[in-house]
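Asks: First the structure, which I've put down as structure tokens, then a few questions once you've had a look.
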Amino acid sequence: MDSVLAIAFQVMAVSASGALSPGPLTVATMALGTRGGWKAGVFVSFGHALFELPL
């Protein structure tokens, strides 16, 4: 059972580090958000989902 918890913790740590790290998507979202408001965030989220879905 300890190995399952260790694997779960590692998965959460790696996922969080990838999701929370600043990168090109973060910068693009901030830049578009300043011009397009909340609607830009929806479009960025949708576009990112389209890219990630096949993966």
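Asks: So if each residue of separation counts as 0.36 nm, and I subtract the Cα-Cα distance between Phe43 and Asp2, what length gain in nm does that give? Before the final figure, lay out each step's value.
Replies: Details: separation 41, 0.36 × 41 = 14.76 nm, distance 4.13 nm.
Using 0.36 nm per residue and subtracting the Cα-Cα distance, I get 10.6 nm.
Asks: Computed from the mean reciprocal separation of all distinct C-alpha pairs, what Kirkwood hydrodynamic radius does the chain have, in Å? Intermediate values should be presented prior to the final figure.
Replies: Numbers: mean 1/r = 0.0758 Å⁻¹.
Result for the chain, one decimal place: 13.2 Å.
Each reported figure results from applying straightforward, stated rules to the coordinates on display, with no laboratory input. Since this is a predicted model, take the numbers as computed values, not measurements.
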